[in-house]
Amino acid sequence: MNGLATALITLLRRDLILALRRRQDALVVLGFFVVVVSLFPLGVGPDPQLLRSMAPGVLWVSALLATMLSLERLFSDDFRDGSLEQILLSPQPLSLLVGSKILAHWLITGLPLVLISPLLGMQLGLDGTEILILMTALLLGTPILSLVGAIGAALTLGLRGGGVLISLLILPLYVPALVLGAGAVDAVMYGSSAQAHLSLMAALLILTLLLAPWAIAAALRIMLD
Amino acid sequence: MSHASHVVFPAHRLEVEGLVVERGERLLIRDLGFSLAGGELLQVAGRNGAGKTSLLRILCGLSRPLEGRVCWDGVPVQHQEEGPTAHLAYLGHANALKDELSGEENLRIQSALQGRGVGRDEAWEVLGRMGLGGHEDLPVKFLSQGQKRRVALARLLLVRRPLWILDEPFAALDVQVIEVLRSALEAHLAANGMIILTTHQAVPIEGRQRTLTLGKAA
């Protein structure tokens, strides 16, 4: 195996091992998602038709907020203990190393949201097809949340009140993913096809995948200068 | 304790020309130039805020100078074939260790990130040399400050880079660790390596050494 592949796999494995040994971080995100979604029936009343029509938006907004919760620690732990400097000093390209870290972040926080979403969808009264589309949309959308969120995490590194700043910076950038993701489920709910939404979401994912690691690497270099 | 190094580095040369360093609109270093050859140690001295850490970070490529350039073997570091940092190992104020991981895991991960995968045996051997035998698979959070520093120093030995850049390596170390570090530094110089460090205390190190004092002219 060459040095680049070794470095990327090592970094991915490291973040996964750390998440396993600090399970509460990932569980908090998942728990937050479940609790927020479960609060809506209590807040707006148990009318099944209303809950069903609100479900796509509720699930997506809750997923955005749950992701926000995990972003602050994405780079700040590495920043504090000096590991981030060592990552910058690695001879391997920083944007790829950053990609490895984001993949780990998605596996730890994004994927669990996708996996638990059918349960919450059922709770809000979605039927089989709608849940399938919801999962597909989240599967395409949560990596976008991790990638775009990491830009905010990098830009607010080491700043006081970084967590709040990330939200202000990043939530507006989450709007396209939110509109497309919730729109996909809405579309099948009202009898049309979700294909257009999902295709656009996939295109958005590819675009973010190409641009975000490069932007994150640049932001990290500036913040550590 | 033996620190016999197994590697001897080929002859390299670090050259710094016309370096101008500014930090927060304040000119810290004006027109600095020096060169360093294998087996030499450069001690960077100066009062607090004279730009010692800034200089080290520039030599590492973590920060950019306002002007001037840093050359390795006659080629500016940005144009090095292996990347701008492939010749150096940096130890800053922080140890860059993950508390949840053991010493061995920390070392193997960091070495792999720096492009030199090491096996379990090699990591254990270096930890043993650092006087951490028996603590290899203990999560780092259970180690004392001095022991953590030893793990961080073990990383320098593992990545086998010719140039070591050390920011206050002796700070807050007990006598035993200072002794371990001193002999590691001497072994590195004996292996034709180069060392640039900042320190407040005088530690007698055998080998060719010079002192660069910052902030005299300012």
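Throughout, read-outs are computed from the coordinates displayed, never taken from laboratory work. Bear in mind the structure is a predicted one, so any value in this text is a computation, not a measurement. Here the Cβ is made from the backbone with ideal geometry for all residues, glycine too, and neighbour counts use every protein chain on show.
Hey, does the range A:69-76 have a residue that's part of a helix (DSSP H, G or I), more than 11 Å from chain B (Cβ to nearest Cβ) and without any contact (Cβ under 8 Å) to a residue 12 or more places away in the chain?
No, every residue in the range A:69-76 fails to be part of a helix (DSSP H, G or I), more than 11 Å from chain B (Cβ to nearest Cβ) and without any contact (Cβ under 8 Å) to a residue 12 or more places away in the chain.
For the range A:28-48, enumerate the residues that are touching a residue at least 60 places away in the same chain (Cβ under 8 Å) and over 17 Å from the mean Cα position of the chain (by Cα).
A:38, A:40, A:41, A:48
Suppose the filter is touching a helix residue (DSSP H, G or I) at 6+ places or on another chain (Cβ under 9 Å), surrounded by fewer than 22 Cβ atoms within 10 Å (Cβ to Cβ), within 29 Å of residue B:54 (Cα to Cα) and touching a residue at least 40 places away in the same chain (Cβ under 8 Å); does residue B:154 pass it?
It is false that residue B:154 is touching a helix residue (DSSP H, G or I) at 6+ places or on another chain (Cβ under 9 Å), surrounded by fewer than 22 Cβ atoms within 10 Å (Cβ to Cβ), within 29 Å of residue B:54 (Cα to Cα) and touching a residue at least 40 places away in the same chain (Cβ under 8 Å).
When you check residue A:23 against the structure, is it without any contact (Cβ under 8 Å) to a residue 60 or more places away in the chain and either within 10 Å of chain B (Cβ to nearest Cβ) or β-branched (Val, Ile, Thr) (or both), yes or no?
Considered against the rule, which asks whether it is without any contact (Cβ under 8 Å) to a residue 60 or more places away in the chain and either within 10 Å of chain B (Cβ to nearest Cβ) or β-branched (Val, Ile, Thr) (or both), residue A:23 comes out as no.
Could you please let me know if residue B:88 is more than 7 Å from chain A (Cβ to nearest Cβ), buried (at least 21 other Cβ atoms within 10 Å of the Cβ) and in contact (Cβ under 8 Å) with a residue 12 or more places away in the chain?
The answer is yes for residue B:88.
Take residue A:107 and tell me if it is surrounded by fewer than 19 Cβ atoms within 10 Å (Cβ to Cβ) and either more than 14 Å from every other protein chain (Cβ to nearest Cβ) or in contact (Cβ under 8 Å) with a residue 60 or more places away in the chain (or both).
yes
Say whether the condition of being in contact with a strand residue (DSSP E or B) (Cβ under 9 Å, 6 or more places away or on another chain) and basic (Lys, Arg) is met by at least one residue in the range A:8-20.
Scanning the range A:8-20, I find no residue that is in contact with a strand residue (DSSP E or B) (Cβ under 9 Å, 6 or more places away or on another chain) and basic (Lys, Arg), so the answer is no.
Given the structure, is residue A:223 of a type outside the set (Asp, Glu), assigned to a helix (DSSP H, G or I) and farther than 23 Å from residue A:108 by Cα?
yes
Take residue A:17 and decide whether it is surrounded by fewer than 17 Cβ atoms within 10 Å (Cβ to Cβ) and within 14 Å of chain B (Cβ to nearest Cβ).
In short, yes.
Against the definition (of a type in the set (Ser, Thr, Tyr) and within 12 Å of another protein chain (Cβ to nearest Cβ)), how does residue B:144 come out, yes or no?
Spelling it out, it is not the case that residue B:144 is of a type in the set (Ser, Thr, Tyr) and within 12 Å of another protein chain (Cβ to nearest Cβ).
Would you confirm, using the coordinates I've provided, whether residue B:108 is more than 7 Å from chain A (Cβ to nearest Cβ), not in a loop (DSSP other than H, G, I, E, B) and not hydrophobic (A, V, I, L, M, F, W, C)?
Yes.
State yes or no: is residue B:137 more than 14 Å from every other protein chain (Cβ to nearest Cβ), surrounded by fewer than 17 Cβ atoms within 10 Å (Cβ to Cβ) and charged (D, E, K, R)?
No, not satisfied.
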